[in-house]
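Here you go, one structure.
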Amino acid sequence: MQTVLRDIRYAVRQIRKSPGFTFTAVVTLALGIGANTAIFSVVYRLLLESLPFHDAARIVSIFETPPQVPGGIEATYPDYQDWRTQQKSFEELAAYSTLNPDTVSLATSGLSAQVHRVLASGNFFSLLGATPQIGRTFSAEDDTPGANHVAVLSAGAWQQYFGRDPGVVGRRVDINGASYTIIGVLQPGAAFPAQGEVWLPLSLLDQPTQSSRVWHSVNVIGRLRPGAELADAKADMQTIAARLASAYPATNRNVGVLLTPLHEQLVGALRPAVLSLMGSVVLVLLIACANVASLLMVRATANRREVAVRQALGADRIRLFSQFLAQTLILCLLGGALGTILAAFALPLLRVALAHTAGVDLSMVQSIQLSIPVLLFTLGTCTLTAILFGLLPVLKTSTCLADSLRPGDRGSTGRQGLSRGLLIAGEIAIAVVVLFLSTVVIRSFQKLLAVDPGFRTDHLLSLEITLPEPHYSDNGPETNRFFEQLLDRIAQSPGVLSAGSTTQLPLAPSKVMTRFLVEGAPPLAPGAFPGAQIRFVSPAFFHTMGLGLQQGRLFEQKDINDPTGFFIVNQAFAQRYLAGRRPVGANIFLGVLSPQPAKIPVIGVVSNAHDLGVQTDPQPEIYLPGFGVHEVLLVRTVLDPSAAVPLVLNAVHQLDPSLPVYHVQTVEEVLSDSLARQRMTATLLGIFSLVALSLAAVGIYGVLAYAITQRTREIGVRMAVGAKREDILRMVLSQTAKFALTGIGVGLAVALSSAHLLNALLFKTSAADPLSACLTAGILLVIAALAVSLPARKAASVSPTEALRAE
């Protein structure tokens with residue numbers, strides 16, 4: 001113990017003697033360790049930590065995969081029931097629904113609020129293993145008609161709307177005008193889906209939806225049986241899907257199933273982005289370690305006589321390693337502590353960036369923080385770094401004590417020059433990998449930003465409103481009258497150019513699809529009908545959005561109440577399904593699975609909008625006139641859209657003072673949020689590449705400056721025998737260029753071979769983008785040239801007399 005304390009005291013004295021070295025080493029390590037700690041906090045919470053449910057790794061989400069829809073979507077209610085009775089791989093299946101409207105009006109004791117509603121089966125919470133904070137959760141009896149007017153609250157809703165009143169259990173509240181009894185409150189963080197605030201029984205789904213194999217209305221989850229693997233469950237569910245396709249070919253032909261672990265579903269598209277960021281910060285840490293390694297080699301060389309004296313007095317390499325380890329451990333712990341502080345400041349910014357990423361569970365994002373596992377990771381990183389660095393001075397101790405004890409500067413040996421050159425090449429190679437990957441992602445993001453969404457996003461405000469049922473209903477006369485009056489009042493407000501409405505936000509799927517058949521098209525086999533998205537819109541929607549009319553006419557006010565109905569389609573629909581014929585006047589059959597399909601004429605064709613996101617090509621869409629109980633209001637203004645918010649609220653409250661307006665945001669913010677994942681990835685990779693370049697430049701400069709100092713006598717001899725400044729300059733630059741080009745070549749080879757891992761992050765950009773490779777090589781050459789310029793000029797200005805005087 002006394003030996004350890006002695007080594008620590010000696011290490012502290014050595015560190016205090018070199019404040020410049022200490023500051024540089026600690027800050028360099030802090031940048032690398034801080035970046036790793038922050039990103040590992042994200043990796044741990046999103047990818048490694050289990051969900052707050054019992055044995056969450058065995059919970060699986062199950063989707064249907066119709067051929068008309070890329071990826072998986074919700075199941076139909078009858079298919080869910082068939083899955084429950086026929087499957088053999090799960091302990092049980094449960095379902096929940098967030099169908100529009102996903103919000104309901106909650107009223108109690110003078111309080112009125114619009115809250116997020118989830119319909120859940122009676123076994124939903126028991127399958128998750130979610131226990132209540134107070135009261136109870138649903139049971140099978142609660143999901144039967146006549147006993148299903150019960151509700152479960154999230155912890156957040158209990159806090160916000162009921163002030164954490166423990167007497168809330170048993171209280172009756174009005175939800176959309178009907179009375180419900182609150183039976184329980186969930187634990188904090190146990191809400192699923194995370195945006196849910198109140199859960200009602202799934203049996204409240206309307207009967208047409210419960211009996212339809214057309215409307216995909218429920219999300220299904222299952223808990224694997226003990227011993228059952230995901231592959232077994234997939235085979236089991238595919239067998240059931242084939243059986244249903246044979247029994248119901250009109251609706252289930254070619255409809256498969258997709259099984260995804262629940263954790264994977266909640267992470268969404270963030271996995272490749274987070275892993276790429278983690279890889280980048282690890283490379284940044286390697287560059288930081290290389291810099292500190294070069295500093296330690298300088299110190300080891302400067303102290304080689306002291307080390308030789310210690311060896312001459314009997315100190316073995318283990319004793320020397322113990323002393324050097326104490327120094328490096330203190331440096332690494334200081335760097336780790338400063339890095340942890342930097343990570344703590346960075347995490348709130350990361351949470352904000354991730355919160356705007358679509359498809360990611362907000363509860364997981366909000367819980368990203370420094371935790372015990374993350375701090376242990378940081379401590380392990382510091383310890384491993386310290387051990388490796390502690391070995392460097394010991395490895396540099398000379399086996400020949402006479403050489404180390406001889407007075408005078410013997411200059412730089414070939415082996416030392418090679419090690420410094422390899423250090424330069426290594427730093428450049430790592431920086432090349434980080435810079436290339438960030439350049440590719442940034443170029444991809446630039447291409448994404450250049451995509452025209454198909455409509456004008458400027459000066460456009462969006463707001464959502466949900467009318468309480470049952471007084472209002474989709475396309476009912478009261479609903480139509482309300483929105484007609486509301487839009488008219490808004491449109492006449494000062495500073496407003498136009499106002500329209502639709503059923504879903506721009507740049508988001510409509511969540512409503514229909515099968516159809518074009519009149520005159522060849523007959524199709526059951527289940528082979530094409531599909532398209534449907535959006536209900538107001539007559540002024542197209543003008544407000546800036547969607548241009550290509551053919552025919554737009555909707556008029558009289559079309560809202562026309563029982564025959566009219567269609568407007570987009571160009572993608574016309575090009576795919578109406579090619580070779582005149583779109584305007586073509587008839588489309590809806591309800592093709594019913595005995596009497598409805599024939600509806602197309603009256604107009606409008607330009608395409610990227611309604612599934614700017615990264616996705618425009619899909620066929622059908623527009624119908626009308627209003628639902630849930631509407632997205634769109635208001636185009638002359639000046640700042642936010643200035644129109646009070647005008648809209650005033651217009652709403654004139655018609656119904658108790659009606660809440662929510663999700664108020666500009667469409668430019670909607671567009672920005674739709675690109676949040678790509679923006680975050682490009683921004684962070686760009687920051688990490690700048691840090692990598694800065695550290696590499698400092699490292700190259702430090703190594704070369706030290707090398708020039710070590711070779712002062714050699715350079716003096718060369719100049720004394722006739723070498724010119726230009727010769728010395730050329731010598732230094734050529735030697736450095738050799739290692740720099742080697743580093744760039746190796747780095748590009750590694751970057752290009754690993755770039756395919758970024759494919760999931762790229763938009764219309766090759767992972768082996770040649771322009772990115774050229775930019776990377778050019779930037780690193782410039783960085784290396786700048787870093788070597790000062791040491792090279794110093795070498796060329798060495799005075800032979802001063803250099804040789806010491807000898």
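The values are calculated or read from the model by the stated rules, or taken from the named source; none is laboratory data. The structure presented is a predicted model; accordingly, all values stated were derived computationally and were not measured. Cβ coordinates were reconstructed from backbone atoms using ideal geometry, including for glycine residues, and neighbour counts include every protein chain displayed. Side chains are part of the model used for accessible areas, which takes the heavy atoms of the whole protein and leaves out ligands, DNA and RNA. Shrake-Rupley method; radii C 1.70, N 1.55, O 1.52, S 1.80 Å.
Excluding same-chain residues fewer than 8 positions from LYS234, which lysines have a Cα within less than 25 Å of its Cα?
LYS88
Please label the shape of segment 500-552 as rounded, prolate or oblate, based on the square roots a ≥ b ≥ c of the eigenvalues of the alpha-carbon gyration tensor (a/c under 1.5 means rounded; beyond that, a/b larger than b/c means prolate, else oblate).
oblate
Measure off 7 Å from each Cα along the Cα-to-Cβ vector at ARG225 and LEU497, then give the distance between these two points in nanometres to one decimal.
6.2
Ok, one more. Hey, what angle do you get for helix 2-17 against the long axis of the chain, alpha-carbon based, 0 to 90 degrees rounded to 10?
Value to nearest ten degrees: 90.
Note the per residue figure in Å³ for the convex hull of the C-alpha positions in segment 492-650.
132
Rounded to the nearest 0.05, what FRET efficiency do GLN654 and VAL518 have when you use their Cβ-Cβ distance and R0 = 45 Å?
The calculated FRET efficiency here is 0.50.
At 0.36 nm per residue, minus the direct Cα-Cα distance, what do ASP458 and ILE372 gain on full extension? Give it in nm, one decimal, please.
Length gained between ASP458 and ILE372: 26.4 nm.
Where both residues lie in segment 142-275, what percent of DSSP beta bridges are antiparallel, nearest 5?
60
On to the next question. Subtract the Cα-Cα distance of ARG730 and VAL782 from 0.36 nm times their separation in residues, and report this length gain in nm to one decimal.
Between ARG730 and VAL782, full extension yields an extra 17.0 nm.
For the pairs LYS511/LYS558; LYS447/LYS599; LYS511/LYS764, flag any whose C-alpha to C-alpha distance is greater than 31 Å.
Among LYS511/LYS558; LYS447/LYS599; LYS511/LYS764, the Cα-Cα distance tops 31 Å for LYS447/LYS599.
Another question, then. Provide the per residue accessible area, probe 1.4 Å, for segment 217-276, rounded to a whole number of square angstrom.
Per residue, segment 217-276 has 41 Å² of solvent-accessible surface.
Continuing with the same structure: Between segment 532-576 and segment 422-484, what's the alpha-carbon centroid distance in Å?
After rounding, the separation between the Cα centres reads 24 Å.
Now for a different question. How far is it, in nm, from the label point at ALA140 to the one at ALA235 when both lie 7 Å from their Cα along the line to the Cβ?
It is 3.0 nm.
Where the Cα atoms of segment 461-517 are projected onto their three principal axes, how long is each span, largest first, in whole Å?
43, 30, 22
Angle check, please: helix 645-655 long axis (alpha carbons) against the longest principal axis of the chain (alpha carbons), in degrees 0 to 90, nearest 10.
Between the helix axis and the principal axis of the chain, the angle is about 20 degrees.
Another question about this same structure. If one puts a single equal scatterer on every Cα of the chain and applies the Debye formula without solvent, what log₁₀ I(q)/I(0) results at q = 0.08, 0.11 Å⁻¹?
-0.83, -1.26
Further question: With a 1.4 Å probe and all protein chains left in place, how much accessible area per residue does segment 526-639 have, in Å²?
Roughly 38 Å² per residue, with all protein chains present.
Leaving ligands, DNA and RNA out of it, work out the accessible area of HIS356 with a 1.4 Å probe and give it in Å² to the nearest 10.
90
Sorted by packing (mean other beta-carbon atoms within 10 Å per residue), highest first, where do 637-644, 338-345 land?
Result, highest mean first: 338-345, 637-644.
Also: Given a Förster radius of 51 Å and the C-beta distance between THR65 and SER109 as r, what FRET efficiency does 1/(1 + (r/R0)^6) yield to the nearest 0.05?
Once the sixth-power term is evaluated, E becomes 0.65.
Sticking with this one: Determine which residues of segment 660-695 fall in the zone a paramagnetic label at GLN446 would reach in this model, i.e. backbone nitrogen under 18 Å from the point 7 Å along Cα→Cβ.
678-690
Heavy-atom accessible area per residue, segment 25-116, 1.4 Å probe: how many Å²?
For segment 25-116, the per-residue accessible area is 34 Å².
Using unit Cβ charges (K, R positive; D, E negative) and no other charged atoms, how large, in debye to the nearest 20, is the dipole of the chain about its Cα centre?
4460
Further question on the same structure: How would segment 552-611 be classified by its alpha-carbon gyration tensor: rounded, prolate or oblate, with rounded meaning a/c under 1.5 and the a/b versus b/c comparison settling the rest?
Verdict is oblate for segment 552-611.
Please report the relative contact order for the chain, taking Cα pairs under 8 Å with a sequence separation of at least 6, and give it as a percent rounded to a whole number.
Once divided by the residue count of the chain, the mean separation gives 17 percent.
Here is a follow-up. Under a point-charge model restricted to the Cβ atoms of Lys and Arg (+1) and Asp and Glu (-1), what is the dipole moment magnitude of segment 1-152 relative to its Cα centre, in debye to the nearest 20?
1560
At 1.4 Å probe size, what's the solvent-accessible area of TYR77? Round to the nearest 10 Å².
Here the accessible area works out near 30 Å².
Same structure, new question: Which shape class applies to segment 466-563: rounded if a/c is under 1.5, otherwise prolate when a/b exceeds b/c and oblate if not, where a ≥ b ≥ c are the square roots of the Cα gyration tensor eigenvalues?
Prolate, because a/c is 1.5 or more and a/b exceeds b/c.
Please compute the Cα-Cα pair-distance distribution of segment 124-180 with 5 Å bins starting at 0, giving whole percents from short to long.
That works out to 4, 16, 25, 27, 20, 8, 0, in percent per bin.
Considering the options SER658, LEU507, GLY336, tell which one lies farthest towards the positive end of the dipole of the chain, charges being +1 on Lys and Arg and -1 on Asp and Glu at the Cβ, about the Cα centre.
Positive-end residue among those listed: GLY336.
At a 1.4 Å probe, what is the % contribution of carbon and sulfur to the accessible area of the chain?
Of all accessible area on the chain, carbon and sulfur atoms account for 61 percent.
Mind checking the full-extension length gain between LEU690 and GLU91? Use 0.36 nm per residue of separation minus the Cα-Cα distance, one decimal, nm.
Here the answer is 210.5 nm.
What FRET efficiency comes out for THR616 versus THR24 if R0 is 51 angstrom and r is the Cβ-Cβ distance? Round to the nearest 0.05.
0.60
GluC sites (Glu not before Pro), restricted to segment 556-649: which are DSSP loop and have at most 16 other Cβ atoms within 10 Å?
Of the GluC sites (Glu not before Pro), the ones in loops of segment 556-649 whose Cβ has at most 16 other Cβ atoms within 10 Å are GLU556.
Let me ask something else about it. Of the trypsin sites (Lys or Arg not before Pro) in segment 60-124, which ones lie in a loop per DSSP and count no more than 12 other C-beta atoms within 10 Å?
Counting only loop positions with at most 12 other Cβ atoms within 10 Å, the trypsin sites (Lys or Arg not before Pro) in segment 60-124 are LYS88.
Mean residue ellipticity at 222 nm from the helices of the chain, using -39,500 (n - 2.57) per DSSP H segment of n ≥ 4 over the full residue count, to the nearest 500 deg cm²/dmol?
Per the formula, -16500 deg cm²/dmol.
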